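The values are calculated or read from the model by the stated rules, or taken from the named source; none is laboratory data. Just so you know, these numbers come straight off a predicted model, no measurement behind them. Neighbour counts are summed over all protein chains in view; Cβ atoms, including those assigned to glycine, are modelled from backbone coordinates with ideal geometry.
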Amino acid sequence: MKVLRLSLFALVLSFSYVAIAAEQTQDAEFDKVAEEYIKGWLGAHPITATSLGFHEYDGRISDFTRLSFDAELSRLRRFDERLKKFDLAKLSARAAIDLRVLQAAIRKDLFEQQALGMYENNPMVYAQAVDVNVYIKRNFAPLEDRARSIIQIESQVPNIIIAAKTNLAPVLPRPFVELAIQIARGASDFLKKELAEALKELKDEKLVAAFQLSNRKASTALNDYASWLEKERLPKAIAEWPIGEEKYRRLLAETELVDLPPSRVLEIGMAELQREQEAFAEAAKVIDPTRPAHEVFRDVKKDHPTPEKLIADTAKNLDAIRQFVVEKDLVTIPSKVRAKVDETPKFARATSFASMDTPGPFEKKATEAYYYVTPTEPEWPAEQKEEWLTAFNYYTTDVVSIHEVYPGHYTQFLQLNASPVSKVAKIFGSYAFVEGWAHYTEKMVIDAGYGSSKSETPTEEEVTRAAKYRMAQADEALLRLCRLVVSIKMHTQGMSLDEGTRFFMENCHYEEKPARSEAMRGTYDPGYLNYTLGKLMILKLRQDYEAQEGANFSAKKFHDELLKHGMPPIPLLRQILLKDKAQWGELL
């Protein structure tokens, strides 16, 4: 009997070794395919490659010819089929997640090319192609070398515009054409002014002359493109831009692994919108019960820094937020290196309010991180300065700092850099997880007590201060909820652009111009629902994880576990964190 037990043990052990060896073989095969795909993808997106820190792609720009598009489409299809051959059950846990992440990234690109026809229907793609910001905002190489890369890129702009005129359909969506005209003219001005200013320190006369020539040709080509769109495409443009219910559902399922009807997501979003509106109104009553909530918040926004103290005050409060996150033990901040608060560079001010600029995960030289805040301009009249600074009221600015830095985007970046995840996990990420995490942290930090009194008997002033923070947090949430509602309604239920504009005005108290801008964004970026969708999925996952862990639950444990796996679609994080498989599909 003893011999029989030993024989059975040896047999089981043998099977275990065979299984481990098979898993390792499958992992190695998958890693080889993934590396092959990544190399091709970086070659097709060289400016992104430079931003990630792969400088062998410096000075290159995507090929916008039809031949190149067809080749990339064929490559995507080929890799999609190759990845289907891998059995998740035969891969390690790490490789199984990477497989799903890579499949989602490929299907996103396939969806954009095939279902949306981005190169035939979206003229903005060509207007935005010349993004050389990384070459002037990061000192990863001497200025002269970066200037050479810029010259190489600018020299291709006339060819990109020729490709645009060849590739674009005769009839285009009107909002896309209108925005493309604005973007092309803005890009032309950027090259002539801000880019030229950024390279003013160049000393090599031949290099200066080469840059001036390439810059002039590139800016002229972009202006010509805007004029061509205005003359040839705008008169024929139509308003048929919604992608429809079937494609919207595919957008959710194929890019975020969210297998829910858009109507169900909308229903949940509308209920959440009402809850946030009530929270906004309740907080306003604490401050002043005699006036409408939006009027109360208008007064709250008057409490802001002076132009001279904007950066200093933002930095001071950012340190206080970081200290709060550490003291409350909300999430691990794996580095003592601070994000530097600075003015948004002049070349980026036209499109930025506040932003987090982190280096790519593979960047080895220019590794500094900046939290940019856009200041007032000296030549602005006093009224314009005051209007701009209301957006930087102390309460909203702190909420934005939470989103962008601690414990939002910058903290997620630090966690990503510190984690041992694969190249796949560091390159490809979920829109809903990245923006959903940052948006989730706004509520999480305020709920944890930031801005509230530590006293059991707070003063009236302390109670009012806490209400102002709650209003600022709810205000940010209302904007993102309106994006979700407008995105789904415009693309699946026939909501017009004008109706979308009114929805923003009525439900998050936006003035007409910014409300119109938000609605316009929804026409070409239906995925901007992902700020709220991601936040709600994280909240549901937290609820389920807390129930699972019981007395062992801690916010820090949950957040660290959430951030240690890269940036995968949130449904995959449910599979990693939750033991009960029956719960994996309960996304919201």
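In summary, helices (runs of 4 or more DSSP H) completely within segment 372-479 and bearing 1 or more residues that are assigned by TED's automatic domain parsing to the domain that holds Glu256, of a type in the set (D, E, K, R) and more than 24 Å from the chain's Cα centre (by Cα) occur at 382-390.
Spot the failing condition for Leu195; the list is (1) hydrophobic (A, V, I, L, M, F, W, C); (2) touching a strand residue (DSSP E or B) at 6+ places or on another chain (Cβ under 7 Å); (3) within 21 Å of Ala348 (Cβ to Cβ), and only one is missed. Leu195 satisfies every listed condition except (2). Kindly evaluate Asp80 against the criterion of being in contact with a helix residue (DSSP H, G or I) (Cβ under 8 Å, 6 or more places away or on another chain), under 24 Å from Gln24 (Cβ atoms) and touching a residue at least 12 places away in the same chain (Cβ under 8 Å). No; evaluated as a whole, the condition is false for this residue. Set side by side, the residues Val326, Val337 differ, and just one is farther than 18 Å from Glu308 by Cβ, among the β-branched types (Val, Ile, Thr) and either touching an Asp or Glu at 6+ places or on another chain (Cβ under 9 Å) or touching a residue at least 40 places away in the same chain (Cβ under 8 Å) (or both), which is Val337. Would you please name the residue that is nearest to Glu377 (Cα to Cα), looking only at residues in segment 303-340 that are basic (Lys, Arg) and assigned to a helix (DSSP H, G or I)? The residue in question is Lys309.
Taking the listed residues Ile181, Ile162, Ile151, the one that is in a helix (DSSP H, G or I), aliphatic (A, V, I, L, M) and without any contact (Cβ under 8 Å) to a residue 40 or more places away in the chain is Ile162, with no other qualifying. Within segment 529-549, none of the residues are touching a residue at least 60 places away in the same chain (Cβ under 8 Å), part of a loop (DSSP other than H, G, I, E, B) and of a type in the set (S, T, N, Q).
Here the condition is being out of contact with any His (no Cβ under 9 Å at 6 or more places or on another chain) and either aromatic (Phe, Trp, Tyr) or exposed (fewer than 15 other Cβ atoms within 10 Å of the Cβ) (or both); of Thr492, Thr457, Thr464, it holds for Thr457 alone.
Here Leu195, Leu207 are screened, and the one residue that is hydrophobic (A, V, I, L, M, F, W, C), within 30 Å of the chain's Cα centre (by Cα) and either within 30 Å of Asp498 (Cβ to Cβ) or in a helix (DSSP H, G or I) (or both) is Leu195. Going through (1) at pLDDT 55 or above; (2) over 27 Å from Lys85 (Cβ atoms) one by one, Leu11 falls short only on (1).
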